[in-house]
1. How large is log10 of I(q)/I(0) for the range 401-456 at q = 0.27 Å⁻¹ when the intensity is taken from the Debye formula with one equal scatterer per alpha-carbon?
2. D76's amide H: which non-local residues (gap 5+, or another chain) put their own amide H closer than 5 Å, with H modeled 1.01 Å from N in plane and none for Pro or chain starts?
3. In whole Å, what is the distance between the alpha-carbon centres of the range 377-456 and the range 202-271?
4. Calculate the dipole size of the chain relative to its Cα centre from +1 charges on Lys and Arg beta carbons and -1 charges on Asp and Glu beta carbons; express the result in debye to the nearest 20.
5. E148's amide H: which non-local residues (gap 5+, or another chain) put their own amide H closer than 5 Å, with H modeled 1.01 Å from N in plane and none for Pro or chain starts?
6. With a Cα-only, solvent-free Debye model of the range 189-299, what are the log10 I(q)/I(0) values at q = 0.10, 0.21, 0.22 Å⁻¹?
7. So how strong a dipole does the range 88-143 carry about its Cα centre when Lys and Arg Cβ are +1 and Asp and Glu Cβ are -1, to the nearest 20 debye?
8. Taking the Cα centre of the chain as the origin and placing charges on Cβ (Lys, Arg +1; Asp, Glu -1), which of L331, Y402, F277 is farthest toward the positive end of the dipole?
Amino acid sequence: MSSHIRSASKALAALLASAVGLLPATGASATTNMGTSHSGSRVTITFWSAMSGSHGGDLVHLAKEFNSSQSTYTVDVLYKGSYSDTLSATIAAVRARRPPDISMVFDAGTATMMDATGVYVPVYKLMSEYKYKFATSQFIGGAGSYYETAKDQLDSLPFNSSTPVLYSNKPLLAKAGIKAPPKTWAQLANDVKPLVSAGAKCILSATGAYIMWTDMEQFAMWNGFPYATDNNGYDSIKPTLLLTSKPMVQHWQFLGGLGKRGLYRWSGTTVSTVPNFTDGSCAFYEQSSADLTEIEAGAKFPFDVTELPFVAGSPAAPQNTVVGGASLWVLSGAPQNTYKGDAAFLHFLMSPSAQDYWATQTGYVPVTNAAFNRLNKEGYYKTHPQDLVAIRELTNKPPLPYTRGIRIGDLPQVRVDEAAAISNILSGKESAAKALATAQAQGNKVIAEFAAEYGG
């Protein structure tokens, strides 16, 4: 897995780098017609999406709602595969000078896109050009901060956004005499013995594909310490990872101890871990808030949804989490007559009605303050308190300079190296300190190569 993904990831970064300069610069000149204009009575806005299944259907519903609300534009949603597939397809299309109008790019691709100046039209410029109110302050904490530039501006529109939460098996906890889910990692550690005595076969699991997101990136921010230097890469294209920090090593020593006892379940990034919780095996489960609907459908027992545990004694903890998911990017090089439509559609997606539909149907959080306030005023969170947990984490405290998000080039490859370290830790092949040091060294090499590629 590692060698294949590594070569693909490097090729992806190189391809995007080579695409810079093929398209016009951002701003007004970015809207120069470089291809055939869309024909017909309506202008077609091509939107490449990574959403399939019910979430994909909900996205199409929103596009149809926008299409029926006016007679000038038609948004055509096209599913392009996984997050990585969609990013790869977008970059290839840019290179071929046939980009979509809008593309959904996952959080880990943010730095790669931002550093490809000329490939995209910054959304804050687009919205200003067409006189739409648009500011980072309109978005909830943890969403705006993740995608903002160093100048507090948004190059892309935060959209499908979630954050990790803790799911707890209420019957298992009750059987062990545990009255409430743990608020700290020390409390979770204390719960291990009574749970095992009560017959629990698994104490903890975490999201399969993105365990590095929950227990490295988000772990650092929730506990108020940096994941990398230079404010997690916001201030430099060449930050240094801090995976060997004391709290990170101690955290993975604890998880590794559970793994060696068979009490932590994770089988790699390609295997879903949801069944580990929904079949009743695991007492606790760190997973995206957006997976609530799937867990509700699969679990045949009552469960709690609470905030992630934090490190007791950490001065800033609990601090804030940030969003995972994706944002929407407007690509340069599209026909001139699409950009006004892009702005209109993005403005529609920001509306409280669109955001509230998206949040209530999918489990993603409403990313604008206006949408959240409307749901709250309508009493939605009184009847759906589990949906409020993610909001509380994202807005727990104003972000510190190093808890705004992760701004690291080729982050997908860094995560591959982290996943290899996690596998070695949980299997007992390597100590947490050794495995994390290896991942840190490999990740720093990836970051340095990215910086060199982009002239940093």
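Only the coordinates and a few stated rules stand behind these numbers; no lab work does. Only a predicted model underlies this, so the values are computations on that prediction, with no experimental measurement involved. Counting neighbours? That spans all protein chains shown, and the Cβs are built from the backbone with ideal geometry, glycine included.
1. The Debye formula, applied to the Cα set alone, gives -1.00.
2. When sequence neighbours closer than 5 places are left aside, the close amide H contacts are I45, T46, F47.
3. Here the two parts' Cα centres lie 7 Å apart.
4. On the way: 36 positive and 34 negative charges, 104 e Å.
Charge dipole of the chain: 500 debye, to the nearest 20.
5. For E148, no residues qualify.
6. Debye intensities relative to I(0), on a log10 scale: -0.35, -1.17, -1.23.
7. For the range 88-143, the charge dipole is close to 220 debye.
8. The residue sitting farthest along the positive end of the dipole is F277.
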